[in-house]
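Report on the following structure.
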Amino acid sequence: MTKQYKMRKGAMNLTSSEIVKLFAAIKMAYESFTVGETDENGVNMKVEMWAKALEDIDYKLAGKALQKHILISKYPPTIADIRENALTIIQGEQITGAEAWDIFTRYINLYSTAEDYQRLKNDYPDIYNLVKQLGSKELLIGNVSFIRPEFERMYAENREVLKTQAMLPESFKRDVQRLREGMYQQMLESGDEY
């Protein structure tokens with residue numbers, strides 16, 4: 001069964017001192033990594049940026065994400081690397097477009113009733129939704145092998161969108177939504193259509 005991308009909710013925020021510990025580990029593994037300078041108030045902006053960007057990831061998960069990065073990369077991690085590794089640890093590896101196609105064709109070859117199609121929806125909602133996008137009737141009746149490249153391309157695109165959305169912290173999504181709502185409100189008040 002494919003898993004939906006979702007960053008863990010309710011995680012304890014990483015503290016600045018925990019970020020400093022992660023930075024120490026990064027520095028040990030990558031000599032070129034710099035921690036950054038502190039400002040006149042003693043605040044390290046790099047530490048603060050990382051703490052804000054990783055706010056929905058707890059320390060243990062961030063540590064495992066860093067450990068994974070150290071094992072597979074010659075270069076120091078970015079915030080995005082830590083978030084992506086954390087997501088992979090939580091969700092596991094996702095199936096490829098070819099694997100999704102095999103699942104779909106297995107379902108349409110083995111099952112033909114509406115109940116069986118509902119089973120695809122329950123077991124693999126992302127594949128089911130893609131089949132709906134492509135036109136399920138044509139896929140079930142027509143030459144399914146003809147549609148395979150388009151299916152795999154669309155599956156990969158859909159997975160990337162879901163992954164990108166899952167990597168963004170909820171607070172960022174809320175801020176963007178508030179910004180959109182404010183811009184929309186300004187547009188309404190000014191009478192502009194665009």
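The values are calculated or read from the model by the stated rules, or taken from the named source; none is laboratory data. Computed from a predicted model, the values in this text were never measured in an experiment. When we count neighbours, we look across all protein chains shown, and the Cβ atoms used for this are built from the backbone with ideal geometry, even at glycine. What goes into the accessible areas is simple: the full protein's heavy atoms, side chains included, and nothing from ligands, DNA or RNA. Shrake-Rupley method; radii C 1.70, N 1.55, O 1.52, S 1.80 Å.
Residues of the range 84-104 that are in a helix (DSSP H, G or I), farther than 15 Å from Ala156 by Cβ and open to solvent by 10 Å² or more (accessible area, probe 1.4 Å): Glu84, Asn85, Thr88, Ile89, Ile90, Gln91. Check the range 177-194 and report whether any residue there is surrounded by 11 or more Cβ atoms within 10 Å (Cβ to Cβ), at negative phi and either modelled with pLDDT under 70 or touching a helix residue (DSSP H, G or I) at 6+ places or on another chain (Cβ under 6 Å) (or both). For the range 177-194, residues surrounded by 11 or more Cβ atoms within 10 Å (Cβ to Cβ), at negative phi and either modelled with pLDDT under 70 or touching a helix residue (DSSP H, G or I) at 6+ places or on another chain (Cβ under 6 Å) (or both): present.
Selection over the range 47-69 of residues that are surrounded by fewer than 16 Cβ atoms within 10 Å (Cβ to Cβ) and over 18 Å from the mean Cα position of the chain (by Cα) gives a count of 4.
Taken over the range 155-175, the criterion of being open to solvent by less than 30 Å² (accessible area, probe 1.4 Å) and either among the aliphatic types (A, V, I, L, M) or more than 15 Å from Asp56 (Cβ to Cβ) (or both) is satisfied by Tyr155, Arg159, Ala166.
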